[in-house]
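S.K.: Quick one: structure below, then a few questions.
The values are calculated or read from the model by the stated rules, or taken from the named source; none is laboratory data. Keep in mind that what you see is a predicted model, and the values were worked out from it rather than measured. Counting neighbours? That spans all protein chains shown, and the Cβs are built from the backbone with ideal geometry, glycine included.
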Amino acid sequence: MGSNDSELIVDLFLWLKEYKDGTIKRITGFKVVPPGLDPETNVLSKDIVIIPESDVSARIYRPNFVPNDQKLPLAASPRAPSSYSIYKDSWASLQWVASHKEEEDGNNETWIKNYVDLDQVYLVGDSTGANIAHHLALRIKDSDLKVVDKWWLYVCPFDKGYDDPLINPFVDGSPDLAGLACHRILVIVAEKDIFKDMGRFYYDKLVKSEWKGKSEIMETEGEGHVFYIFNPEFDKAKSLFKRLAAFLNQGK
């Protein structure tokens with residue numbers, strides 16, 4: 001590698017760095033623990049394969065004890081994307097979940113069939129995952145299911161950049177917000193997050209649109225991007241989790 005090849009050309013704070021030779025170094029990562037019972041939360045998890053042909057997989061969770069007469073709401077949370085395929089894979093995963101409502105032999109994930117109330121499905125995402133959740137909600141409306149520029153170059157490397165409707169839902173050619181299939185939306189932002197203004201802008205657009213649902217917004221003072229991931233035991237993180245739980249527990 002030549003001396004100029006190691007030149008740093010992009011530095012995305014805590015997340016990644018790109019060098020002139022094309023090398024991308026991820027700065028922040030998370031340890032993937034094996035599935036099973038978490039003794040602290042009493043939550044069970046397991047890994048499943050949704051689409052074997054393309055290795056689309058998921059980790060699913062449920063409480064260790066669920067009363068026989070109780071069904072749980074489903075929260076679908078896409079992970080941070082690395083290419084356009086994440087939209088397609090997320091949509092395929094949502095279709096797979098919805099297919100369990102039909103009595104078909106191929107749809108036999110017992111945790112979904114036995115424990116999930118498929119009339120209560122929530123789309124959840126933090127950071128770029130929220131963008132995916134938005135587009136899934138728009139796509140559901142048209143289906144038969146019943147149920148900052150540099151940064152975005154690494155999320156979705158399209159030639160349109162920030163002007164692509166997948167990235168910016170308010171550019172010309174974007175679907176109308178009135179087409180959102182959900183009935184309620186909670187937007188969560190943090191005071192020191194570089195994307196805070198975008199989150200508030202999205203909320204304001206929802207309020208002014210012809211979408212008939214109910215929108216809420218929560219802002220955490222003094223914190224930055226996805227702060228709750230780095231310290232989930234922090235009081236402000238716990239307050240965020242409680243607000244999210246209250247939103248989910250409102251029901252349909």
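S.K.: Within region 32-69, how many residues are surrounded by 14 or more Cβ atoms within 10 Å (Cβ to Cβ) and outside any strand (DSSP E or B)?
M.R.: Matching residues across region 32-69 total 2.
S.K.: Residue under question is residue 58, and the condition is that it be at pLDDT 85 or above and under 24 Å from residue 166 (Cβ atoms); does it hold? Walk me through how you get there before you give the answer.
M.R.: Values: at pLDDT 85 or above: yes; under 24 Å from residue 166 (Cβ atoms): yes.
So residue 58 passes the test.
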